[in-house]
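Reviewing the structure listed below.
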């Protein structure tokens, strides 16, 4: 069994055990993506070397898993600090009608993401080598996104600051983090109370390896208004 077949088997198990049923084409694309990242990771640091054996659970599945928190009415998403394409590429696969922009300031990483997008023929996402706070990026993408996603990149208070000029009048901000995050959320809510309509922390437990969320995977969801 080659790696891609193994990744597909793992993905089927995670999705089906958690009563999620993406079509086989989506599962195959996610497996293909996992294989591309694993291969590229041998030459460019995209994920922790010791973590590569858990690439499906810790990176691909969890990134796809959070797509269920994005309302169907939303159409444009921004992935801040995408690294190797997480969570942006799995979200794009799970939500093919959404259009996304994946941003990272590290050229080698965003070049890898562009390569993945091309090899997978993903037509609904674009990779951009920039900082989301740069005047050029803000000028180009102001008032564009109704979803902003990020995975453990910067403190939440900074993410909100980045998001405000780039979002539409209303937007969701989704941040994947681990450990104790309550104080971080509280700090952001106090600072931006006029812009945060609602804040929720979701415990991302899933079968079979994190049923009680022993691994402390969490999703912060902020409902933002301009």
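Annotations for the structure displayed:
- Residues in region 175-199 that are surrounded by 14 or more Cβ atoms within 10 Å (Cβ to Cβ) and within 15 Å of the chain's Cα centre (by Cα) were compared, and the one that is farthest from residue 150 (Cα to Cα) is 177.
- Answer residue from region 152-169, given it is under 25 Å from residue 47 (Cα atoms), over 13 Å from the mean Cα position of the chain (by Cα) and surrounded by fewer than 19 Cβ atoms within 10 Å (Cβ to Cβ) and is modelled with the lowest pLDDT among those: 154
- Listed by first and then second residue, the pairs linking a residue in region 17-38 that is free of Cβ contacts under 8 Å to residues at least 12 places away in the same chain to a residue that is buried (at least 19 other Cβ atoms within 10 Å of the Cβ) and not in a loop (DSSP other than H, G, I, E, B), with Cβ atoms under 7 Å apart and 6 or more places separating them unless they lie on different chains, are 21/15.
- Qualifying residue in region 70-86 (condition: closer than 25 Å to residue 12 by Cα and assigned to a helix (DSSP H, G or I)): no
- The single residue among 202, 172 that is buried (at least 19 other Cβ atoms within 10 Å of the Cβ), at pLDDT 95 or above, in a strand (DSSP E or B) and under 18 Å from the mean Cα position of the chain (by Cα) turns out to be 172.
- On the stretch given as region 205-226, residues that are outside any strand (DSSP E or B) and surrounded by 11 or more Cβ atoms within 10 Å (Cβ to Cβ) total 8.
- Matching entry among 82, 75 (being within 19 Å of residue 175 (Cα to Cα), touching a residue at least 40 places away in the same chain (Cβ under 8 Å) and surrounded by fewer than 22 Cβ atoms within 10 Å (Cβ to Cβ)): 75
- Residue count, region 115-128 (criterion: surrounded by fewer than 16 Cβ atoms within 10 Å (Cβ to Cβ) and over 15 Å from residue 99 (Cα atoms)): 3
- Some residue of region 140-151 being assigned to a helix (DSSP H, G or I) and either touching a helix residue (DSSP H, G or I) at 6+ places or on another chain (Cβ under 6 Å) or surrounded by fewer than 16 Cβ atoms within 10 Å (Cβ to Cβ) (or both): yes
- Out of 88, 100, one residue alone is more than 23 Å from residue 206 (Cα to Cα), at pLDDT 95 or above and crowded, with 18+ Cβ neighbours inside 10 Å. It is 100.
The values are calculated or read from the model by the stated rules, or taken from the named source; none is laboratory data. None of the values given here were measured: they were computed from a predicted structure. Cβ: placed from backbone, ideal geometry, glycine included. Neighbour counts: every protein chain shown.
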